[in-house]
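The values are calculated or read from the model by the stated rules, or taken from the named source; none is laboratory data. No experiment lies behind these values; they were computed from the predicted model shown. Methodologically, a virtual Cβ is constructed for each residue, glycine included, from the backbone with ideal geometry; neighbour enumeration extends over all protein chains shown. Each accessible area value is taken on the protein alone, full model and side chains, heavy atoms only, with ligands, DNA and RNA left out. Shrake-Rupley method; radii C 1.70, N 1.55, O 1.52, S 1.80 Å.
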Amino acid sequence: MTSGRGHPPASLAWLVWALGAALYLIAFYQRVAPAVLVQELTREFALTGAALGNLSAFYFYSYVAMQIPTGLIADRWGPRKLLTAGAALTAAGTLVFALAPTAYVANAGRLAIGAAAGVAFVAMLKLASHWMPARQFALASGVALFVGVVGATLAGAPLRLLVDAMGWRNVMVASAVVTAAVAVAIWLVARDDPSERGYESYFPHGEGGAKGGSVWADLKIVFGYRNIWLLYFVPGAFSGIVLMFAGLWGVPFLTTHYGYSTAEAASLCSLMLVSWSVASIAYGPVSQKLRSRKTPFVAGLLATMALWAALVWVPGWSRPVLVAIIVALGLAAGAFILIFPFGKESVPARLAGTVSGITNMGVMTGGLVMQPLVGWVLDRHWTGALTPGGARLYDLSAYQSAFSMLFAWGTVALVALAFTRETHCRQAA
């Protein structure tokens, strides 16, 4: 029941949304933290390139596996309980990772972090669909990525400085404590719907309750829409590059072949993530103005592939040009954010949580596949060279072979986009 006070004020709506965003910030921080811990993790657990990629990707394995269950749970149980539980379990997984005596235990910690933090984005979008008008959904999706990238930036040079001062295990213990505090804040402040605070909801309850049919019936409905199948394969062409490069392999590539220090390389990778997130905020309004999801999506994909080709196949860029390419690559790849409004508009509104889970699973599949696959290819081309710290050293041809696999994904994404049905930025009935 509402008290007739109308829709919630924007300040309250964004506060509730921001609490979910706090967990997403932590999720992104955890996602890319291994990029600046390469030397420590490799040395402490005696990891090969494939094993290091696998340790980082354990986050993505469980994250991706949780996306459909997360969407279904968000549609039925509400995001408040889901976010609180996710934050609490993320804190526990971080503590396991921090205290891990072996690589197997560290993998288990990363697996737990990915599963728990994996609820953040979908639950955030669910909150947005209740607390904000529909026209702000694409904006909320883009701002969410920006908040996440703030977390990724903290996992760059700032994390490197903290690790140098305190040790990586102590930093991870502190991260667990902060995450536990976020869990408490979410439970105390956030609510699933404005009606629980006496306001009118923006969610179209009249079009069918969120607790409608069975789980399997809802999945059957969602996968009955051609767009959902096709869109699943698209975002990995963007995120596979960004999450693989900025999230793990960009730092050793830049330190080895462009002479950056670890902190400098981490900062440059963070810059890619920042440009990625800033661009994602712009793509939503541009798409709305064009009344098209496909046109800016295709343009962003083509630009991303062209810039990736320049980075991979043209060696020896000067530092200013290299920075420009990496920033431009992040800007182009920001088009991936259109996957969320595109997917949401392709199915009935009551299934927003379920379809957001499926599309976000497609996004995370990029990191899941590419981080360990790139490590595996690098190992196949390893010449036996080692860094002074004992980590494997890969030559430029090894990185070119490994990084080139993204062009195949870009081709698949372009074909899939060609067969999608344009929504013209209108919600399906």
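Based on this model, can you work out whether residue 178 counts as in a helix (DSSP H, G or I), touching a residue at least 40 places away in the same chain (Cβ under 8 Å) and open to solvent by 30 Å² or more (accessible area, probe 1.4 Å)?
On the way: in a helix (DSSP H, G or I): yes; touching a residue at least 40 places away in the same chain (Cβ under 8 Å): yes; open to solvent by 30 Å² or more (accessible area, probe 1.4 Å): yes.
Yes; evaluated as a whole, the condition is true for this residue.
Answer yes or no as to whether residue 65 is in a helix (DSSP H, G or I) and surrounded by 23 or more Cβ atoms within 10 Å (Cβ to Cβ). Before you say what the answer is, go through the steps one by one.
Numbers: in a helix (DSSP H, G or I): yes; surrounded by 23 or more Cβ atoms within 10 Å (Cβ to Cβ): no.
No: the conditions fail for residue 65.
Here is a yes/no grid of residues against (1) without any contact (Cβ under 8 Å) to a residue 40 or more places away in the chain; (2) open to solvent by less than 30 Å² (accessible area, probe 1.4 Å); (3) over 30 Å from residue 401 (Cβ atoms):
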| position | (1), (2), (3) |
| --- | --- |
| 275 | no, yes, no |
| 283 | no, no, yes |
| 315 | no, no, no |
| 338 | no, yes, yes |
| 347 | no, yes, yes |
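Kindly indicate whether residue 42 is in contact with a strand residue (DSSP E or B) (Cβ under 8 Å, 6 or more places away or on another chain) and open to solvent by 30 Å² or more (accessible area, probe 1.4 Å). No.
If I ask for residues that are modelled with pLDDT of 90 or more and of a type in the set (A, V, I, L, M, F, W, C), which ones from region 252-268 would you list? Scanning region 252-268 gives 253, 254, 265, 268. Just checking, does region 75-86 include any residue being in a helix (DSSP H, G or I), in contact (Cβ under 8 Å) with a residue 12 or more places away in the chain, basic (Lys, Arg) and open to solvent by 30 Å² or more (accessible area, probe 1.4 Å)? Scanning region 75-86 turns up at least one residue that is in a helix (DSSP H, G or I), in contact (Cβ under 8 Å) with a residue 12 or more places away in the chain, basic (Lys, Arg) and open to solvent by 30 Å² or more (accessible area, probe 1.4 Å).
Against the list (1) surrounded by 13 or more Cβ atoms within 10 Å (Cβ to Cβ); (2) at pLDDT 90 or above, the condition residue 219 fails is (2).
The test for being open to solvent by less than 50 Å² (accessible area, probe 1.4 Å), within 23 Å of residue 252 (Cβ to Cβ) and small (Gly, Ala, Ser) holds for residue 100.
Residue 329 - would you say it is buried (at least 24 other Cβ atoms within 10 Å of the Cβ), at pLDDT 90 or above and closer than 23 Å to residue 275 by Cβ? For residue 329, the condition - buried (at least 24 other Cβ atoms within 10 Å of the Cβ), at pLDDT 90 or above and closer than 23 Å to residue 275 by Cβ - is met.
Can you find even one residue in region 190-208 that is in contact with a helix residue (DSSP H, G or I) (Cβ under 6 Å, 6 or more places away or on another chain), modelled with pLDDT under 80, loosely packed, with under 14 Cβ neighbours inside 10 Å and more than 27 Å from residue 59 (Cβ to Cβ)? Looking for residues that are in contact with a helix residue (DSSP H, G or I) (Cβ under 6 Å, 6 or more places away or on another chain), modelled with pLDDT under 80, loosely packed, with under 14 Cβ neighbours inside 10 Å and more than 27 Å from residue 59 (Cβ to Cβ), one finds at least one in region 190-208, hence yes.
Can you confirm whether region 234-255 contains a residue that is open to solvent by 50 Å² or more (accessible area, probe 1.4 Å) and either of a type outside the set (A, V, I, L, M, F, W, C) or within 17 Å of the chain's Cα centre (by Cα) (or both)? Steps first, answer last, please.
Start the filter on region 234-255 by keeping residues that are open to solvent by 50 Å² or more (accessible area, probe 1.4 Å), which leaves none.
Checked against the condition, which is being open to solvent by 50 Å² or more (accessible area, probe 1.4 Å) and either of a type outside the set (A, V, I, L, M, F, W, C) or within 17 Å of the chain's Cα centre (by Cα) (or both), region 234-255 yields no hits at all.
Could you check region 375-399 and list, in sequence order, the residues that are in a helix (DSSP H, G or I) and open to solvent by 30 Å² or more (accessible area, probe 1.4 Å)? Show your work before the answer.
The initial filter retains those residues of region 375-399 that are in a helix (DSSP H, G or I), namely 375-380, 396-399.
376, 380, 396, 397 - these are the residues of region 375-399 that are in a helix (DSSP H, G or I) and open to solvent by 30 Å² or more (accessible area, probe 1.4 Å).
Considering region 61-102 alone, what residues qualify as being among the polar types (S, T, N, Q) and either within 22 Å of residue 181 (Cα to Cα) or at pLDDT below 85 (or both)? Answer for region 61-102, where residues must be among the polar types (S, T, N, Q) and either within 22 Å of residue 181 (Cα to Cα) or at pLDDT below 85 (or both): 67, 70, 84, 90, 94.
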